Amino acid sequence: MRVSVDGAQKYVWAVSTGKPGYRTPAGSFTPFRLERSWYSRKYDNAPMPHSVFFLGGYAVHGTNATGSLGRAVSHGCVRLTNWDVEELAGLIEKGVPVEFR
């Protein structure tokens with residue numbers, strides 16, 4: 001994931017995306033909602049810490065399964081380390097213009 005702040009690339013983070021049969025949208029997105037603590041209504045109340053929703057029910061969120069980062073293993077969301085998603089959410093909470101792709 002590449003994260004731009006005020007139009008300049010600031011971060012590049014390893015992520016996990018949708019496994020075969022589960023699509024993760026591609027493109028450049030601006031987040032529209034933050035949830036510090038969220039649980040998937042669709043996938044057995046799976047924890048989605050520090051969720052940053054960017055397209056319908058799709059979110060960037062934290063994971064404890066950091067060994068899976070860099071591979072397609074999710075149900076469509078984008079997974080980051082808890083530290084990275086906390087950084088992203090913190091920027092958004094401060095009102096910093098953020099775009100990610």
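The values are calculated or read from the model by the stated rules, or taken from the named source; none is laboratory data. Since the model is a prediction, treat every value here as computed from it, not as a measurement. Positions of Cβ are generated from backbone atoms using ideal geometry, with glycine treated the same way; all protein chains shown enter the neighbour counts. Heavy atoms of the whole protein, side chains included, go into the accessibility calculation; ligands, DNA and RNA do not. Shrake-Rupley method; radii C 1.70, N 1.55, O 1.52, S 1.80 Å.
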*Counting only heavy atoms of protein chains, what accessible area per residue, in Å², does the chain have with a probe of 1.4 Å?*
58
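Between Asn64 and Arg101, 0.36 nm times their residue separation minus their Cα-Cα distance comes to what? Walk me through the numbers on the way to the answer.
Numbers: separation 37, 0.36 × 37 = 13.32 nm, distance 2.18 nm.
Residue separation times 0.36 nm, minus the Cα-Cα distance, leaves 11.1 nm.
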*Could you work out the local net charge near Gly70, counting Lys and Arg as +1, Asp and Glu as -1, over the other residues with Cβ closer than 15 Å to its Cβ?*
+3
_Set of lysines with alpha-carbon distance to Lys10 below 30 Å, sequence-local pairs under 8 removed_ = Lys19, Lys94
*May I ask you to order 66-78, 33-45, 89-101 by the average number of other C-beta atoms within 10 Å around their residues, highest value first?*
66-78, 89-101, 33-45
_Can you give me the convex hull volume of the Cα atoms of the chain, divided per residue and expressed in Å³?_
89
_Compute the helix-to-body angle for 82-93: its Cα long axis versus the longest principal axis of the chain, expressed 0 to 90° and rounded to tens._
50
*Among Thr24, Ser40, Gly70, whose Cα sits farthest toward the positive end of the charge dipole of segment 1-95 (+1 at Cβ of Lys/Arg, -1 at Cβ of Asp/Glu, about the Cα centre)?*
Thr24
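How much of the DSSP bridge set in the chain is antiparallel, in percent, rounded to the nearest 5? Let's see the in-between values first.
Working: 16 of 22 bridges.
Roughly 75 percent of the beta bridges in the chain run antiparallel, per DSSP.
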*asked:* For a quick check: with amide H placed at 1.01 Å from N, whose amide H comes under 5 Å from Gly76's, ignoring anything fewer than 5 positions away on the same chain?
replied: Gly18, Lys19
